Amino acid sequence: MACQQLRIKGESIVKDMGINVNADRPRRWPLGGILKLQPTEEWSLINRIKKNVASYVLIAPYFILFFIFTVLPVAMSMTLSFTSFNVLEPPQFIGWGNYIRLFLNDDIFRIAIKNTLIFAVITGPISYFMCLLFAWIINEFKGKLRAFITLIFYAPSISGNAYVVWNLILRGDKYGILNGILLQLDLIDDAVIWMKTEKYVLMFLIIVQLWLSLGTGFLTFIAGLQTIDKTLYEAASIDGIKNRWQELWYVTLPSMKPQLMFGAVMQITQSFAVADISVQLAGNPSVNYAGTTIVTHLMDYGSIRYEMGYASAIATVLFLLMVGSNKLVQKLLRKVGN
Amino acid sequence: MQRTYGSRKKLLGSLKRHRGLNRSMAGNVTLFIFMGICGVFMAVPLIFVISNAFKPLDELFRYPPRLFPRYPGFDNFADLKVLMSNSWVPFSRYILNTVIITGGGTLGHVIVASMAAYPLAKHDFPGKNILFSIVVLSLMFTWQVTQVPNYLIISKLGINNTYLAVMLPAFSYGLGLYLMKQFMEQIPDSLIESARLDGASEYRIYLSIIMPNVKPAWLTLAVLQFQTMWGNTGSQFLRDEQLKPLQYALLQIVNSGPARQGAAAVVTLIIAAIPITFFIICQSSIIETMTTSGIKE
């Protein structure tokens, strides 16, 4: 292993020196390359496929499952969204019917979409900046202390369904921990039934979601900060960078752009999918639908009412929202440091 | 690659001082105080998870609340034991189900995803880029989007109400393949090339060159997948009580009223402790894998 590490190091030095280790490998084919193939026998598409049989064999198990359980369902969901389908009878094509009902006649969906957007707009960016900020501060520590702090911040996101402990914190009587503390401090006169009071539900769900949200993106940032070349900082301070904030903006962030983009995907996707905590902490349906999100609405129609066509339309809207906002943020992030 | 992570420097010397030039004392203090407050917010619920498990029932519902129990004991563990022996599905069955689902789902995912990651990282074959970009796209939405059709597909395949219904879709999660492929890209081509010259087949190379070299990555995949599978209640596909996992039992106990809260606190602790332990063991490997996780333009 040590020998291999050395080898990898050697290779990268050779690469830095501008010597192409891979000179003897065939050049990479860009995506559009397939269309521009020369009609010589050696490069024909069929030959290239034949040559790579082993590659296809190796990817087959994964991609067969991937197509069955991810690609096909997305396509099915989009198709079914134009039908009325209750599982027992074959689906009936009804055009835009589901979407019209969804956006014009479904009051609860309007609440759901409003709540989901509030959730996403608040927890998405906040959790993203929390991940970045904490990772950045953690980077100032070393060794065991650093591993420990990382653990404290990361642990909630991996502790399974342990967020049910918030049920005890937010209990509606004076034995609830939050109520107990506030009563003790004389900030409230009576115990507040937090999760059954409309104006508090969304706020607390957001807090719990933020508590859970330092996940994969957070680890990515910690890792990304470690890989930044230390000499860049020395060079920057010679160039007149005065404080850590300038350092962050001009050196750190541009150097970890790939990680920033990946972290964004993780945080944004997560922020649209809030459902389980809402059902567990606020109940389903929650008081006046204060905790209803697109996903709980989807679960309602998909797993309880078996209106699969309608549920598919909800799923399609969710899909477009998630992918659309991801693409948008990716576009914005490309501009960091430019 | 940097290997500063987990280095055995003493705690006292743990603040880096060599970049003092750009660090003001006031800035340090502000940031660390802020960090401390947030750290408390993150830690307190988890401390409750731990301490609740050792609180007698009357301390669990106590006014004013107390973070640590005054008379810690193992009453709750005894409660859970009684509850377990009274449930009509033996409690060990829930544990067995969880072991099968999490173990199978994790192992299968690591094998299937790393097999696919090798060609995607190191071979040039037609269709490679489009396949990978579909996988990246799949990171941008969650499983709820495909929930309804997946139910129909799993019924059609005849695996509804079996372990496979939960495990098979998990084999093909996108995140694992993505991380594995990114990590494999940094293996030097010359290593593979020389194995080829020695007459090794691609399968041989995958097994004896690639896999031993990406140990941090498959540990990471295992831990991340374990967390996902561990949190799965399987409520959608597993109808029989005998097939349901521990998480399902937990939610049942938690939702079953104040008298059970002692037992619930113990189950919550078990549920949280196991994935956290795995993370502690594998932390440095995971961080190492994440260094390669960026999305390249």
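The values are calculated or read from the model by the stated rules, or taken from the named source; none is laboratory data. None of these values were measured; they are calculated from a predicted model. Note: ideal-geometry Cβ built from the backbone for every residue, glycine included; neighbour counts use all protein chains shown. For accessibility, only protein heavy atoms count, side chains too; no ligands or nucleic acids. Shrake-Rupley method; radii C 1.70, N 1.55, O 1.52, S 1.80 Å.
How much accessible area per residue does segment B:164-297 have, counting only protein heavy atoms and a probe of 1.4 Å, in square angstrom?
36
Dipole size in debye (nearest 20) for segment B:85-290 around its Cα centre, Lys and Arg Cβ +1, Asp and Glu Cβ -1?
Using Cβ point charges on Lys, Arg, Asp and Glu, segment B:85-290 gives about 500 debye.
For A:187-197, what's the mean count of beta carbons from other chains sitting within 10 Å of each residue's beta carbon?
0
Treat each spin label as a single point 7 Å out from the Cα along the C-beta direction, and report the A:I49 to A:F103 distance in nm.
4.0
Among A:M256, A:W194, A:A54, pick out the residue whose Cα is farthest towards the positive end of the charge dipole of chain A, where Lys and Arg carry +1 and Asp and Glu carry -1 on C-beta, about the Cα centre.
Final value for the positive-end residue is A:A54.
Rank by packing, highest mean first: peptides B:87-93, B:258-264, with packing defined as the count of other Cβ atoms within 10 Å averaged across residues.
For the peptides B:87-93, B:258-264, the packing ranking is B:258-264, B:87-93.
If you roll a 1.4 Å probe over the heavy atoms of the protein chains, what accessible area per residue do you get for segment A:100-333, in Å²?
Spelled out: the 1.4 Å probe surface of segment A:100-333, per residue, equals 38 Å².
For chain A, list the DSSP H helices whose alpha carbon atoms reach 24 Å or more along the long axis and whose average Kyte-Doolittle value is -0.5 or above?
A:107-138, A:308-333
Check each residue of segment B:168-182 and keep those whose accessible area, probe 1.4 Å, is at least 30 Å² smaller with all protein chains in place than in the chain alone; give them in order of residue number.
SASA drop of 30 Å² or more in segment B:168-182: B:L168, B:S172, B:L175.
Once phi is turned into θ = phi - 60°, what whole-Hz ³J(HN,Hα) does the Karplus curve with 6.51, -1.76 and 1.60 give for every residue of segment B:284-290, x standing for Gly and Pro?
Values per residue, Gly and Pro as x: 5, 5, 5, 4, 4, 5, 5 Hz.
Which cross-chain or sequence-distant (5 or more) residues have an amide H under 5 Å from the amide H of A:T293, H modelled 1.01 Å from N in plane?
Answer set, sorted by chain and number: none.
Go through B:65-71, A:244-250 and give me the packing order, highest mean Cβ count within 10 Å leading.
The densest-packed peptide leads the list: A:244-250, B:65-71.
Counting partner chain Cβ atoms within 10 Å of every residue's Cβ in B:64-74, what's the average?
Mean partner shielding for this stretch: 2.
Report the calculated FRET efficiency for A:V87 and B:S190 (r = Cβ-Cβ distance, R0 = 45 Å), to the nearest 0.05.
0.20
Please give the contour-minus-distance gain from A:L117 to A:L332: 0.36 nm per residue of separation, less the Cα-Cα distance, rounded to one decimal in nm.
75.5 nm
When Cβ neighbours within 10 Å are restricted to other protein chains, what is their mean count per residue of peptide B:109-119?
4
Lys/Arg Cβ at +1, Asp/Glu Cβ at -1, dipole of segment B:85-290 taken about the Cα centre: which of B:F278, B:N232, B:I210 is farthest positive-ward?
Of the listed residues, the answer is B:N232.
Can you compute the helix-only [θ] at 222 nm over chain B? Use -39500 (n - 2.57) per DSSP H run of at least 4 residues, normalise by all residues, nearest 500 deg cm²/dmol.
-20500 deg cm²/dmol
Mind pulling the per residue volume of the convex hull built on the Cα atoms of chain A? Å³ is fine.
Looking at chain A, the number lands at 245 Å³ per residue.
Taking a probe of 1.4 Å and counting only protein heavy atoms, give the total accessible area buried between chains A and B in Å², rounded to the nearest 100.
What A and B bury together is about 11500 Å².
Give the carbon-plus-sulfur fraction of the accessible surface of the protein assembly as shown in %, rounded to a whole number; probe 1.4 Å, heavy atoms of protein chains only.
65
log₁₀ I(q)/I(0) of chain B at q = 0.14 Å⁻¹, via Debye over equal Cα point scatterers, no solvent, to two decimals?
-1.19
Are there residues in segment A:216-231 whose accessible area shrinks by at least 20 Å² when all protein chains are included rather than the chain by itself, and which are they (probe 1.4 Å, ligands and nucleic acids not counted)?
The answer is A:T216, A:L219, A:T220, A:A223, A:Q226, A:T227, A:K230.
Rounded to two decimals, what is Rg over Rh for the protein assembly as shown when you use alpha-carbon atoms and the Kirkwood radius?
0.97
Given contacts defined as C-alpha pairs under 8 Å and at least six residues apart, what's the relative contact order of chain B, whole-number percent?
Relative contact order of chain B: 27 percent.
I need the peptides A:87-94, B:49-56, B:130-137 ranked by packing, meaning the mean over residues of other C-beta atoms within 10 angstrom, with the highest value on top.
B:49-56, B:130-137, A:87-94
Among B:Y94, B:Y178, B:Q252, which residue has its Cα positioned farthest towards the positive end of the charge dipole of segment B:85-290, with +1 placed on the Cβ of Lys and Arg, -1 on the Cβ of Asp and Glu, and the dipole taken about the Cα centre?
It is B:Q252.
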